[in-house]
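S.K.: Starting off with a structure, shown below.
The values are calculated or read from the model by the stated rules, or taken from the named source; none is laboratory data. Please read these numbers as outputs of a predicted model, since none were measured by experiment. Cβ placement follows ideal geometry from the backbone for every residue including glycine, while neighbour counts extend to all protein chains displayed.
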Amino acid sequence: MTDQPQGKGQFCGRTRREFLWESGAGFASLALGGLLGNGFFAGQSLAADGLTQFKSPLTPLPAMLAARAKSVIFLFMYGGPSHMDTFDYKPALYPLDGKTIDVTTFGRGGHRKQGRVVGPKWNFKQYGECGKYVSDLFPNVGSMVDDITFLHSMTADSPLHGSAMLMMNSGKLLSGSPCLGSWVNYGLGTLNENLPGFVVMLDQTGGPISGAKNWSSGYMPGQYQGTVLRSEDPPILDLQPPPALGGGIQRSVLDHLRAENAEHAIERLGNPDLSARIASYELAYQMQSSAPEAVDLAKEDEETHSLYGIDQAKTQDFGKKCLMARRLVERGVRFVQIYSGGNHNDNNWDAHGDLKLNHDKHAGATDLPIAGLLKDLKRRGMLDETLVIWGGEFGRQPTAEYSEGTGRDHNAYGFTMWMAGGGTKGGTSIGQTDELGSAAVESPLQVKNLHATALHLMGLDPNRLTYFHAGLDRKLVGFEDEQPIWNAIS
Amino acid sequence: MVRMGSLVPLIWITLIGTLISTLMIHTAANTPASALVAVADELAPPTEETPTPGDSRSAPAPRWCDLPLVRPSIPQVQSTTLAIRSDLDRIWLHRLQSMGLEPAPPASEVDLIRRLHYTLTGLPPSPEQVDSYLADDTPDRWQRLVDRLLQDEQFGVHWARHWLDLVRWAETDSYERDRLKPGAWRYRDWVIDSFNADMPYDQFVTMQLAGDELADETIDHHIATGFLHLGIRDDEPADPVQAVYDDFDGMLDTTCRTMLGISIGCARCHDHKGDPIPTRDYYRLLTFFEGLKPYKNGGGNGISTNNFVRTLPVDLGRSNYQATVQQWKTERSERLSEVNNLLTEVKERWGEDVLQQARSSLWRGQLLHLPFSGEESALKEDRDSSRGPGRHGEGLVLDENDRLLIDRPVQDDFSISLWFRTDRQGAGGNTDLRWFRGTGLVDGEIGGVVNDFGVSLVGDHVCVGTGNPEVFIHGPQGMANGQWHHVVFTRHRKSGEIVLWIDGSRVSSGSGGKQALDAPEQLSIGRMLPDHQTLQGSLDEIRFWDRVLDASEVLDLAIDGGALPAHQQLVEERLGMAEALRLNAAVTRLGQLSPPTREEVQVLSAQELPTPAIGHVRVRGTASVKGEAVTPGFPQILGGQEATIVPPSDGQSSGRRLALASWITSPDNPRTSRVIANRIWQHVFGRAIVESPNDFGKLGLLPHDQQLLDLFATEIEAQQWSIKSAIRLLVSSSMFRMSNQFDEESNRVDPENNHLWRFRSRRLSAEEVRDSVLAVNGSLNRSLGGPGVYPPMPSEVLATASRPGQAWGQSSPEDAARRSLFIHVKRSLLHPLLLAFDMADTDSPCPVRFNTIQPTQALTLLNSDFTGKQARLLAEKMSRQETTLSRQIEQVLYLISQHPPDAQRVERNVAFVESLKTEHQLDENQALEVFCLMAFNLNEFIHID
C-alpha cells in the first residue's frame, strides 16, 4: 500500500480504490456508487418526491489539470495514408521517380535496404498565412492549415496493421488494453448522461481489422468501451424499441416494471443494486430519445449539409459522420472516432497496388467533410474546446512495394498526423522526416506522446491517470513517464 | 405517465439511512486517481505484518500465504439460533460472535433451492424440482438435493466457466486474422468433464501444465495441455522474437496467477517492487515453458500451427492398428484374387468381349468419362495440371493452384465416381465437415444457399453435399493416407436422397433438396470451383451417370469388375454353379470389408523442441537482449529451490513442466490449496475471503479471516483435493443457508459484510441471464460438448468486423439455444448480450467478474431480438398450458423466481395486461408477450437472494 500520491517510481503502487476494480467491483454498493456518482444524496430529495433525477455511470468528474478541450474527434485514416503524398512535402522525391536507391524500410514485405522510388503522385501548393505545403489531395483541408498543427515525425512500434491499430488506439501492441476513448471517459466521465461517452463510427465497407478490439475497454469495465454508432436507424444496437413495444407500450411497461421492482426492493433492504437497476431503466429510456436526436441531421440547414459535402455522392457518407460528430460533441460526448476506410486492401488507405486510385478515392471522400467539420466547429466557437486528430496507424514508404506499379508498403519509421483545436497551436509543423520521407529525423514522436498530448489537453495528467490491473498500475502511456508534445500546445 | 408508486420514497429514505457508511467509501470507486489521493489513506487496509526492526530489508518476514498451511484449532462455540454443522461453521460463528455480530436467520426454502441450483448449475430449478423438494419430508433432503445437483452434468458446465475465466479461454488468436484455434473447444469440454468427474485438483493442474509428460497418458492428457495455448497471438508481429516471449509470458503469468495467486508480471522488466520477486526469479520460472515449440518460426503472417496443433489417434496408437490394417489388406487381396482368378479364367477361355458384355449395363447412362490418359476434349480449362501414374494407366497429378473445368454434365439424378490419392489433409480441419470448406475433388460450390453440389476432401474425410437446403454427409477418417481411394456420390432427385460410398462401401446418406441442382455452370476438377484449395495429389477415372448406381455397381467399380450380377451369371454359365457361388461369396465379403478406421482428433496441445533452450534473463524485458543464464527453479519467496527435472522416457519433452506441476501440487506448497479454496469460496459465497484471488502477495488484499480460509484449504487437502467434496462442505453449512436479511446493527459493525453475517445476494452472470431466459421458456438445449455454436448475431454487430460476411457462422435453432458456454468465442466479435452483462475479458485472466449496472443492459433486455423472441416463445407456451390470464401470469412469475405470487400481485399484473389491451389495442397474445418481456426485466428474475 502506497502512502504517497502516485506518480514517478510508483510502478506497482496502487490505492484501495483500484482494488475494488481489481476485485471485479464485487461490492454490492459499488455499482450504485458508480451509477449514481457523487450526486446520489443530492438526488434523493427529488426521489422522495417521485421525480428522481437519475445519474449516469459516467458522471462528470473533476479534471486533474486545467482542461483545454472537452472532447476529442479522432478521424482515423485506417490503412495508413501516405504522408509524402498528402501533407509532408518532399520535393526531392519527384525527380527520383523510378530510380532504385538505398533506403532502409520495414513493412509488410519485411526489412529492405533498397527500393524503387515512387515519386509523389500529386502536386503540392502553399496555403494559409503559414504557407504550409499541402498536396492536391486535400485542397479543402489546405484552406484550414492555420488552425492545424502537423506532426511530421510520428513513429509507431509496428508497421503491421494488426498490432499498429491496437497501438494507435490503446497504446499497446498486445490486445486487451483499454483505448484512448476509454481512458478519457474513465478519467473524466461524460457531460451528457443520455449519450454514450465514447462513440465509434465505422466505414460502410466494414470495421477495421480486429474489429471491436479497436474500441474495447480491455481490462476496464464495459461501461468504458466504445459504442458503435451508425448513420442509419437505429443508430445504436438495441436502441429502438421493437414493434411489440412501440407506440407508448414501452413506457407503460417501464412504469409497471418500476412499480414491481420497487415492491420487490422493499423486502430487500441494504441491496442498493436493486435500486440502481431501477434507475438504469430510466437512463435507457432517455437514451432512446437522446441518441436519435443527437444524430438527426434533418435538424441542420442546407448550407451546413453542403459545408460537409453531404449534398455530393462522393463525400456524403463521411460528411454525415463528421456532422454527427459535431452534434455529439456539442451534446457532451467526450470521444468520437470516425473511421475512413474499412475492410481490407483498397477499401481503406492501404495502397499496396495503385496509389493514385486508392488515395484519390479516400482523400476525395474525406477532404471536404474534414474541412467542413473544422470550419463549422470554428464558426460555432467549438474548435477551441474540441481536439481534432487526423491520421492512420502508420504512413507509407517512399519506395514501391512491388517491381511494378505505384503501391507503397507500410512505414512506421516516420509519418504524419495532425491535430487541430482543443488548445493546440495551429499553423505549425513539428518534426521532420528525411528528404525521402522514409524516417523521422528531427524530434521523433511516439504514439504515446500523441496520447499524452490528448490526455493533457483534456485535463488529465498522462503520468498520473492510472488503473490498477494484474499487479501493475497501468497507464495509457506505458510504465515510464511520457511527455505531451509541448510545442504543439498553445 | 405513472411515476414511481407511493412506497418508493420509503425505500430511498431507508437506503440512505442504512447505507451512508458504505457509500461514503464506494462512491469514490470509479473516480480517477487525482480525486482519490486524499481518501486513499483513510482507506488503507489492515496493517501488514509489522516489519522487524533492523532486518526487514534483508529478509522480510514471510507473508501469511507463504507460511505452511496448518489446520487451525477449532473454538468452542454455541448458538441458540442456528445449527452448527461443521468446523467451518464454528470458526465463522466464533468470529461473528467475537465481533458482536449476529448471523441472519435461515433463508426460506424456496430461496435456498433457487440459490443452490444457481450455485451448482447456473440454471434455475424447474417447478417440478421445487415441488418435489418441498414435498419431501425426509431429514436428509437437503443433502440429497446437493448430491443430485453435484451429479447433474450441468454442474460441470457452470463450474467450467469459472475456470475458463481464469485461463482466458477463447477460440481465436485475436489480431488481423483472428484465426481459429483448432481444437480449443476440446479443452473446454475437457474442463467440463473434469469437473463432472470430480477430478482431484492436483491432477487437474498437472494435466494442464504437463499432461503430455506423464506416464500412461491418454488423449485427454494432450487435450488438457491446450491450457498453454489459449492466449492471444499476433500472426504478424513487428518483432517476432519478442512476440514469442510475450506468448511464454502469457503462459507463465496465467499459471502463476491462476494456480499460485502470484502476480509476477512486474518482474519481467524490473525487480518486483511489491513482492520480493527479483527479475531472475521470473526468468527461472519462464524457463519451465521455454522448451515448448514457439507459435511462430519466422516473419510474415503465418502461424506455425504444426507446433501446437496435431492430429492424434484417440488411443494414442496403443491398439495394434497396423496389424488390423494388415489383416484387412490380406483378406481383401485374397478375396480380390479369387474374383480375378475366376474372371481371368473366363477371359482366357472365352475372350475379353464376354466380360465387357457382362459389364455393359454398368455404362448405361454414363454421360462423361475422364480417364486422364490422352486428350480430354471435355476439359474447358486445364491450368498447369500434369499426368502421371494413375489408378489405371495414367492419371491426373495436381499441385499448387492447378485447376480443371468441365461443363456440368448432370443436375437431377446422378452418380459421380472417382479415384484419388493424397497424403495431405484437405482444407477445413476435421471438426467442421461441410464439403464446401474442403479441398476440391469434383466441385460445384456457389456461395450462398443455392442449388449446388460437390465432393471434397475436408481434413481427413471425404465429404459431399447438396445446396438449398444445405445438406452435408461425410465418410470415415484416414483418407489422406497416400493410398488410392474410390469415391461414389449418388443423388436421387425425387427423394432428395444423397449417398456416399467409399472403397465400395456405403458409408453415409442424407436427405437433400428435390430440385434440379443447376446453380454451377461448370464443375471444377481437383480444386474448389471458387478457385481455391487444389488437391495436392492424384485423381483418376472420373465418371458421371445420369442415374443412381446400385451397390453391386459401386462395388464393381471399386474392385475393377466382378461384382455385378451379370458377372455371377457369366461364371455360372461358363464355369458352373460351384464357381459362381465362390464368386458370390468373395464379392459379398468384399462388400462387407470396410477398411479399419482409427478415430483421430485434432488437438491443441503442448509440443516441445528436441533440445530445450537454455534460459536467460532478458534485460528489461527485451527478448532479444540476453542477460545471465538461468536454470529452472522456484521463486525465493517460496523457497528458491532448483527444480529436479526428470525427462520422460518417451523422449518427446524435457520434463520441465512436470517438475513445475509437481512443485505446485506438492503438499508442501503453502499456496496452492489456499488459492483454490479461496476460489471455491468465492463462487459459493459471492466474494472470496482474499478478495484479490489472483494476487495473495503484498499488492493483494489480506484475507478477511485467514483461519476460515486455512481450515477450508486443509479440508480440501483432506478430501484428496476433491472439488465436489469442497463445494458440498460449503453448501451444507449454516453459512450457506442463511438469509440475506439486512440488520442495521450488524451493518454498522461490518458494512461490507466481509464476515458473512448475512448471505450475499447477487445478480445473475452474463451466461446465467441468457441461459435462464431460455430455461424459463423451455427452449434451452442442455446438450453438452462439441464445437462452438453460432446463435444469430445482430447485423449491427456483424458490420463491425473487417469481413462482415465471413465473421460468424450459422447454427440450427436447436444449437442456437445451447447454453452460453457453448457459444463460439471469437475474440474480435463477442456476443452482445454476454458483453453487456460483464462477461470475462478474453485476453487476460479474469479472477472476478465486474458487476456493473448500465443502461445498455436495460436496452438489451428490453429491445433485443433475442429477448423479444424468447418472450414470444414464453407467451406461446403459457397460452398452450394455461387457459386463464391470471393463471398465465401466475405461472410466468413463478417460473422466473420460483416464488408463487400472492393474489394481490396476480391481480395487479392482470390489470396491467388488461390495460395494455385497452390502452394500446393489443390482442391477448400480444399483451401476454409484452408481459413476458416485462417479466424478463424484473429484478426478481435477475437477482438471487
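S.K.: Can you report the number of residues in region B:803-817 which are touching a helix residue (DSSP H, G or I) at 6+ places or on another chain (Cβ under 9 Å) and touching a residue at least 24 places away in the same chain (Cβ under 8 Å)? Don't jump to the end; show me each part of the working.
M.R.: Within region B:803-817, the first condition is being touching a helix residue (DSSP H, G or I) at 6+ places or on another chain (Cβ under 9 Å), and the residues that meet it are B:804-805, B:807-808, B:810, B:815, B:817.
Of the ones still in play, those that are also touching a residue at least 24 places away in the same chain (Cβ under 8 Å) are B:815, B:817.
Here the count works out to 2.
S.K.: Now a separate question. If only one of B:Arg728, B:Arg782, B:Arg770 is crowded, with 23+ Cβ neighbours inside 10 Å and either β-branched (Val, Ile, Thr) or at pLDDT 95 or above (or both), which one is it? Working first, answer last.
M.R.: Details: B:Arg728 fails: crowded, with 23+ Cβ neighbours inside 10 Å; B:Arg782 fails: crowded, with 23+ Cβ neighbours inside 10 Å.
Result: B:Arg770 is the single residue among B:Arg728, B:Arg782, B:Arg770 that is crowded, with 23+ Cβ neighbours inside 10 Å and either β-branched (Val, Ile, Thr) or at pLDDT 95 or above (or both).
S.K.: Evaluate the following for A:Glu480: is it of a type in the set (D, E, K, R), more than 14 Å from chain B (Cβ to nearest Cβ) and either within 30 Å of B:Ser692 (Cβ to Cβ) or assigned to a loop (DSSP other than H, G, I, E, B) (or both)?
M.R.: Values: of a type in the set (D, E, K, R): yes; more than 14 Å from chain B (Cβ to nearest Cβ): no; either within 30 Å of B:Ser692 (Cβ to Cβ) or assigned to a loop (DSSP other than H, G, I, E, B) (or both): yes.
Answer is no for this residue.
S.K.: Could you check how many residues of region B:205-250 are part of a helix (DSSP H, G or I), within 14 Å of chain A (Cβ to nearest Cβ) and under 22 Å from the mean Cα position of the chain (by Cα)?
M.R.: Qualifying residue count for the region: 2.
Yes/no per residue for (1) part of a loop (DSSP other than H, G, I, E, B); (2) within 36 Å of the chain's Cα centre (by Cα); (3) surrounded by fewer than 19 Cβ atoms within 10 Å (Cβ to Cβ):
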{"site": "B:Ser508", "(1), (2), (3)": "no, yes, yes"}
{"site": "B:Ser524", "(1), (2), (3)": "no, yes, no"}
{"site": "B:Ser538", "(1), (2), (3)": "no, no, no"}
{"site": "B:Arg543", "(1), (2), (3)": "no, no, no"}
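S.K.: Can I ask one more? From the residues in region B:560-578 that are in a helix (DSSP H, G or I) and not aliphatic (A, V, I, L, M), which one is nearest to the chain's Cα centre (by Cα)?
M.R.: B:Pro565
S.K.: Going by what's in this entry, would B:Glu715 be described as surrounded by fewer than 22 Cβ atoms within 10 Å (Cβ to Cβ) and either touching a residue at least 24 places away in the same chain (Cβ under 8 Å) or of a type in the set (S, T, N, Q) (or both)?
M.R.: Yes.
S.K.: Related question: May I ask you to say which residue of B:Ser360, B:Ser377, B:Ser373, B:Ser417 is modelled with pLDDT under 95 and outside any loop (DSSP other than H, G, I, E, B)?
M.R.: B:Ser360
S.K.: A:Arg327: without any contact (Cβ under 8 Å) to a residue 60 or more places away in the chain, within 19 Å of the chain's Cα centre (by Cα) and closer than 17 Å to A:Ile236 by Cα, yes or no? Write out each step before concluding.
M.R.: Details: without any contact (Cβ under 8 Å) to a residue 60 or more places away in the chain: yes; within 19 Å of the chain's Cα centre (by Cα): yes; closer than 17 Å to A:Ile236 by Cα: yes.
Answer is yes for this residue.
S.K.: Can you tell me which residue is surrounded by the most Cβ atoms within 10 Å (Cβ to Cβ) among those in region A:169-195 that are in a loop (DSSP other than H, G, I, E, B) and within 8 Å of another protein chain (Cβ to nearest Cβ)?
M.R.: Within region A:169-195, the first condition is being in a loop (DSSP other than H, G, I, E, B), and the residues that meet it are A:171-179, A:189-195.
Adding the requirement that they be within 8 Å of another protein chain (Cβ to nearest Cβ) leaves A:173-176.
Details: A:Leu173: 24, A:Leu174: 22, A:Ser175: 28, A:Gly176: 22.
Top of the filtered list is A:Ser175.
S.K.: Next up: When the residues of region A:137-172 are narrowed to those that are acidic (Asp, Glu) and in contact with a helix residue (DSSP H, G or I) (Cβ under 9 Å, 6 or more places away or on another chain), which ends up modelled with the highest pLDDT?
M.R.: Checking each candidate, the answer is A:Asp147.
S.K.: Hey, among B:Leu368, B:Leu343, which residue is surrounded by 13 or more Cβ atoms within 10 Å (Cβ to Cβ), at pLDDT 85 or above and under 30 Å from B:Leu523 (Cβ atoms)? Spell out the reasoning first.
M.R.: Numbers: B:Leu343 fails: under 30 Å from B:Leu523 (Cβ atoms).
The unique qualifying residue is B:Leu368.
S.K.: Charged (D, E, K, R) and modelled with pLDDT of 90 or more: is that true of A:Asp273 in this structure?
M.R.: Considered against the rule, which asks whether it is charged (D, E, K, R) and modelled with pLDDT of 90 or more, A:Asp273 comes out as no.
S.K.: Conditions first: (1) more than 9 Å from chain A (Cβ to nearest Cβ); (2) under 14 Å from B:Met878 (Cα atoms). B:Phe931 passes all but one, so which condition is the exception?
M.R.: It is condition (1) that B:Phe931 fails.
S.K.: Tell me yes or no: at least one residue of region B:892-914 is more than 30 Å from B:Tyr133 (Cβ to Cβ), surrounded by fewer than 24 Cβ atoms within 10 Å (Cβ to Cβ) and facing chain A (nearest Cβ under 8 Å).
M.R.: Yes, some residue in region B:892-914 is more than 30 Å from B:Tyr133 (Cβ to Cβ), surrounded by fewer than 24 Cβ atoms within 10 Å (Cβ to Cβ) and facing chain A (nearest Cβ under 8 Å).
S.K.: A further question follows. Against the conditions (1) within 30 Å of B:Pro125 (Cβ to Cβ); (2) away from chain A (no Cβ under 11 Å), where does B:Arg758 fall short? Just the number, please.
M.R.: (2)
S.K.: Tally time: how many residues in region A:93-124 are polar (S, T, N, Q) and either within 29 Å of the chain's Cα centre (by Cα) or within 14 Å of chain B (Cβ to nearest Cβ) (or both)? Give the derivation first.
M.R.: First, pick out the residues of region A:93-124 that are polar (S, T, N, Q): A:100, A:104-105, A:114, A:123.
Checking which are either within 29 Å of the chain's Cα centre (by Cα) or within 14 Å of chain B (Cβ to nearest Cβ) (or both) leaves us with A:105.
Counting residues in region A:93-124 that are polar (S, T, N, Q) and either within 29 Å of the chain's Cα centre (by Cα) or within 14 Å of chain B (Cβ to nearest Cβ) (or both) gives 1.
S.K.: Is there a residue being free of Cβ contacts under 8 Å to residues at least 12 places away in the same chain, over 20 Å from B:Leu933 (Cβ atoms) and hydrophobic (A, V, I, L, M, F, W, C) anywhere in region B:778-801?
M.R.: yes
S.K.: Okay, moving on. Within region A:353-361, is there a residue that is at pLDDT 95 or above, within 20 Å of A:Ile148 (Cα to Cα) and not in a strand (DSSP E or B)?
M.R.: Scanning region A:353-361 turns up no residue that is at pLDDT 95 or above, within 20 Å of A:Ile148 (Cα to Cα) and not in a strand (DSSP E or B).
S.K.: Continuing with this model, one more query. Assess whether A:Ala244 counts as being among the aliphatic types (A, V, I, L, M), within 7 Å of chain B (Cβ to nearest Cβ) and touching a residue at least 40 places away in the same chain (Cβ under 8 Å). Break it down stepwise before answering.
M.R.: On the way: among the aliphatic types (A, V, I, L, M): yes; within 7 Å of chain B (Cβ to nearest Cβ): yes; touching a residue at least 40 places away in the same chain (Cβ under 8 Å): no.
Judged against the criteria, A:Ala244 is not a match.
S.K.: Are any of the residues in region A:324-339 within 14 Å of chain B (Cβ to nearest Cβ) and polar (S, T, N, Q)?
M.R.: yes
S.K.: Restricting region B:561-607 to residues that are closer than 30 Å to B:Glu171 by Cβ and surrounded by fewer than 22 Cβ atoms within 10 Å (Cβ to Cβ), which is modelled with the highest pLDDT? Lay out the reasoning, then the answer.
M.R.: First pass over region B:561-607, keeping only residues closer than 30 Å to B:Glu171 by Cβ: B:597-607.
Keeping just the survivors that are surrounded by fewer than 22 Cβ atoms within 10 Å (Cβ to Cβ) gives B:597-602, B:607.
On the way: B:Thr597: 76, B:Arg598: 77, B:Glu599: 81, B:Glu600: 81, B:Val601: 86, B:Gln602: 86, B:Gln607: 95.
Applying the filter and picking the extreme gives B:Gln607.
S.K.: Continuing with the same structure: Any idea which of A:Ser182, A:Ser158 is over 26 Å from A:Leu323 (Cα atoms) and assigned by TED's automatic domain parsing to the domain that holds A:Met324?
M.R.: A:Ser158
S.K.: Still on this structure: Out of A:Ser252, A:Ser210, report the one residue that is at the interface with another protein chain (Cβ under 8 Å from one of its Cβ atoms), among the hydroxyl-bearing types (Ser, Thr, Tyr) and surrounded by fewer than 22 Cβ atoms within 10 Å (Cβ to Cβ).
M.R.: None of the others qualify; the one that does is A:Ser252.
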